[in-house]
Structures are given as structure tokens and as C-alpha cells.
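Report on the following structure.
The values are calculated or read from the model by the stated rules, or taken from the named source; none is laboratory data. Predicted model, so just to flag it, every value in this text is computed and none were measured. Cβ placement follows ideal geometry from the backbone for every residue including glycine, while neighbour counts extend to all protein chains displayed.
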Amino acid sequence: MKRTEPFEFYQPGSLTEASRLLKENGPGGRFLAGGTDLVIAMKEKGLVPKYIVDLKRVPGLNQIRENGDGSITLGALTTMYAIETAPLIKKKYPFLAQSAAEVGSIQIRNRATIGGNMANATPSADTAPALIALSATAKIAGIGGERTISLEEFFKGPGQTVMSSDEILTEITIPKIDSRLVGEYIKFSPREMMDLAYVGVAVAYNLNVPEKKCDGVRIVLGAVAPTPIRAKRAEAALEGKVLTEGLAEKAGQIAAEEAKPISDVRSSADYRRAMVGTMTKRALLNAAVGPAKSWYDRRDRRY
Ligand SMILES: Cc1cc2nc3c(=O)[nH]c(=O)nc-3n(C[C@H](O)[C@H](O)[C@H](O)COP(=O)(O)OP(=O)(O)OC[C@H]3O[C@@H](n4cnc5c(N)ncnc54)[C@H](O)[C@@H]3O)c2cc1C
């Protein structure tokens with residue numbers, strides 16, 4: 001790892017100040033959250049920011065709160081470890097906690113933030129599919145004020161989002177869920193740990209028991225397109241229907257057709273596409289069974 005080039009370092013105490021620093025200092029600045037992407041980019045990938053604006057001293061950005069309307073808000077600086085272990089998240093959306101638990105190692109999860117995972121916009125970002133499956137929204141603040149957009153529309157391409165360079169992702173809100181909601185996130189990476197997803201699949205739907213009829217189906221694919229994508233035709237194939245193994249298989253086949261994978265050093269496009277089919281089927285069936293008790297449990301259920 002090489003030493004970084006010298007850079008100016010700011011630690012503002014408010015969002016307005018943070019955003020103003022980017023605006024006033026001009027191009028070439030970066031916000032810093034946990035640093036698990038940014039520092040690697042500087043030390044290994046030749047990124048040379050002119051200056052860095054650390055967000056960690058801005059108060060209130062690292063909290064998880066339940067709102068009066070039943071929605072839940074995750075501050076952008078909430079760590080993966082906090083999400084993985086928060087009783088509220090584990091109870092309401094265990095598959096989101098699971099997706100955070102899939103990130104890197106415990107050391108990485110102690111620093112890596114949910115906002116950094118979104119803002120860095122890697123197509124394989126582990127928490128993005130589960131958040132999109134939960135219809136989450138992103139609040140973005142800049143000098144001109146605040147705006148809220150659906151997370152589904154947040155990503156524009158690898159490393160690109162709708163945010164301008166002086167805008168800050170401040171929080172992510174998950175709207176109130178139906179009490180029948182079930183879900184699952186499956187990450188496929190042969191190394192199991194400390195590896196990015198070759199394919200990630202999150203599913204969420206309302207399950208009517210005992211007949212197993214599904215509604216509000218969302219299927220979201222990671223690492224198989226320039227951004228996380230919804231497999232809308234696969235969702236439609238399941239909507240209002242009784243979940244059977246055959247139907248889950250069919251939905252998986254359709255999702256595989258909807259994926260737009262590339263071949264790279266990790267995997268061929270064909271292999272990724274085949275894995276989308278298998279994993280979508282498995283995620284749909286796993287979700288109906290209920291959350292696994294532990295990571296080890298889940299490992300057995302995975303493929
Ligand atoms: C060894 C290792 C293993 C990893 N494994 C995984 C993995 O399994 N799955 C996975 O998804 N990721 C993985 N990652 C990537 C990384 O840990 C995550 O993407 C993490 O969530 C990034 O968050 P951060 O707080 O560290 O972001 P930072 O590195 O601080 O920032 C990343 C980028 O986002 C910008 N940014 C950060 N926060 C904000 C904000 N609030 N508003 C606007 N811009 C912002 C920064 O300017 C920077 O460009 C791994 C990284 C390492 C080093």
C-alpha cells in the first residue's frame with residue numbers, strides 16, 4: 001500500500017458547514033465516513049483528493065430511530081455492525097440485518113457505514129438490494145436544501161449516484177411495512193467472507209398464510225447490472241399467486257433473463273445469470289420459511 005499524497009482535512013460540526021466546505025473549496029474534495037472505500041481508493045487505486053471533509057463530527061447522523069408513522073430511519077453514518085445487531089432491525093427486517101452482516105469482516109463492519117455503502121455506489125453493495133426491496137428512500141442535503149428520493153432511483157451507474165459532489169446523504173428511511181412482510185437476502189461469493197458479491201439477491205413480499213399467496217412482491221438483484229436493479233417481470237409473475245417451488249423456479253428464470261451481468265475476473269456473465277435464477281428461487285422459498293437463527297444456520301439454507 002502506498003502512502004497517500006498530502007491533502008487538507010476538515011472536520012465540520014454541521015451539515016451546512018460540511019456542504020459549504022465542498023462548495024467553497026471547489027472540485028477535488030471528498031466526504032469521509034468510515035473510510036473503508038475511500039482510504040483503499042487513495043492507497044491502492046490512485047485516488048488523490050485535494051481535501052477531505054470528515055462527516056463523523058456532524059451530530060445525529062449515526063442513529064437508528066423508529067418514527068411515529070411506523071417507518072424506521074437509519075442515519076447515514078450508522079455502521080454495518082450497528083445495523084446487523086440492532087434489535088429493531090433484526091425484528092422488523094432480519095434480511096436487512098443479514099445483508100449488513102455479509103459486509104467484509106467484523107473490523108470492516110465496525111467502521112463501514114450504510115451511507116458510504118450507498119454513496120460509493122458499487123453494483124455489488126450488499127445492503128442496497130435489501131433496502132430497495134424495502135422501498136427505502138434517501139434524504140440528501142446540500143446548500144440548496146434537502147430532497148428525498150427513492151433509493152431505487154439513487155444509483156446511476158458504477159460509482160455514480162444522483163448526488164452532486166457537495167451533497168450529503170443524511171439518512172435512509174424504510175416506510176412502514178405490512179405485518180405479513182417476509183424477506184431474504186442471499187449473497188453469492190465463493191470465498192464466503194471478505195469478498196464482494198458475485199451476485200446478490202434480495203426478495204420481500206407479503207405472505208398470506210396458510211395458503212402462501214404473495215402480494216407486494218419485490219425482487220432486487222445486485223452485482224448483475226451497472227446498478228442494483230428490480231426484476232419487475234419476475235415480481236409480476238408471482239404477484240397475487242400462491243408460492244410453490246415451481247413458481248419460485250419460474251420467477252428465478254425470469255429474473256435471470258432480466259439481469260444484465262458482465263464477465264470479469266470474478267465470474268462469467270453466463271455463470272452470474274445462472275446464479276440469479278437459482279438464488280432468486282432459493283430466496284423466495286427461504287423467505288416463506290422465516291428468518292434463520294444464525295449465520296451458520298443460514299449458510300446451510302443458502303444454495
Ligand atoms: C476488506 C474490505 C471488504 C469489504 N467487503 C465488502 C462487502 O462484503 N460488501 C460490501 O458491500 N462492501 C464491502 N466493502 C466496501 C465498504 O466497506 C462498504 O462499501 C462501506 O459501506 C463503505 O462505507 P464507508 O463509511 O467506509 O465509506 P467511505 O469509504 O467513508 O466513503 C465511500 C464513498 O462514499 C462517499 N460518502 C460516504 N458517506 C457519504 C455521505 N453520507 N454522503 C455523501 N457521500 C458519502 C465518500 O466521499 C466516498 O466517496 C469492503 C471494503 C473492504 C476494505
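Residue by residue through region 70-85, note down the ones that are of a type outside the set (Asp, Glu), crowded, with 17+ Cβ neighbours inside 10 Å and within 16 Å of the ligand (Cβ to nearest atom).
Once the filter is applied, which keeps residues that are of a type outside the set (Asp, Glu), crowded, with 17+ Cβ neighbours inside 10 Å and within 16 Å of the ligand (Cβ to nearest atom), region 70-85 yields 73, 74, 75, 76, 77, 78, 79, 80, 81, 82, 83.
Just checking, does region 87-102 include any residue being surrounded by fewer than 24 Cβ atoms within 10 Å (Cβ to Cβ), of a type in the set (A, V, I, L, M, F, W, C) and near the ligand (Cβ under 8 Å from one of its atoms)?
no
Which of the residues belonging to region 268-282 are crowded, with 21+ Cβ neighbours inside 10 Å and either outside any helix (DSSP H, G or I) or β-branched (Val, Ile, Thr) (or both)?
Passing the criteria: 276, 280.
Of 115, 183, which residue is buried (at least 23 other Cβ atoms within 10 Å of the Cβ) and closer than 22 Å to residue 12 by Cβ?
Just one listed residue meets the conditions, 115.
Considering only residues that are touching a Gly at 6+ places or on another chain (Cβ under 7 Å) and of a type in the set (Lys, Arg), look in region 153-211 and name the one that is modelled with the highest pLDDT.
Here the answer is 176.
Does residue 105 satisfy the condition of being within 12 Å of the ligand (Cβ to nearest atom), under 18 Å from the mean Cα position of the chain (by Cα) and more than 24 Å from residue 227 (Cβ to Cβ)?
Considered against the rule, which asks whether it is within 12 Å of the ligand (Cβ to nearest atom), under 18 Å from the mean Cα position of the chain (by Cα) and more than 24 Å from residue 227 (Cβ to Cβ), residue 105 comes out as yes.
Tell me, which strands (runs of 3 or more DSSP E) lie completely within region 42-153 with 2 or more residues that are free of Cβ contacts under 8 Å to residues at least 60 places away in the same chain and among the charged types (D, E, K, R)?
Those strands (runs of 3 or more DSSP E) span 64-66, 145-150.
Could you go through region 176-197 and let me know if any residue there is more than 23 Å from residue 262 (Cα to Cα) and within 16 Å of the ligand (Cβ to nearest atom).
The answer is no; no qualifying residue exists.
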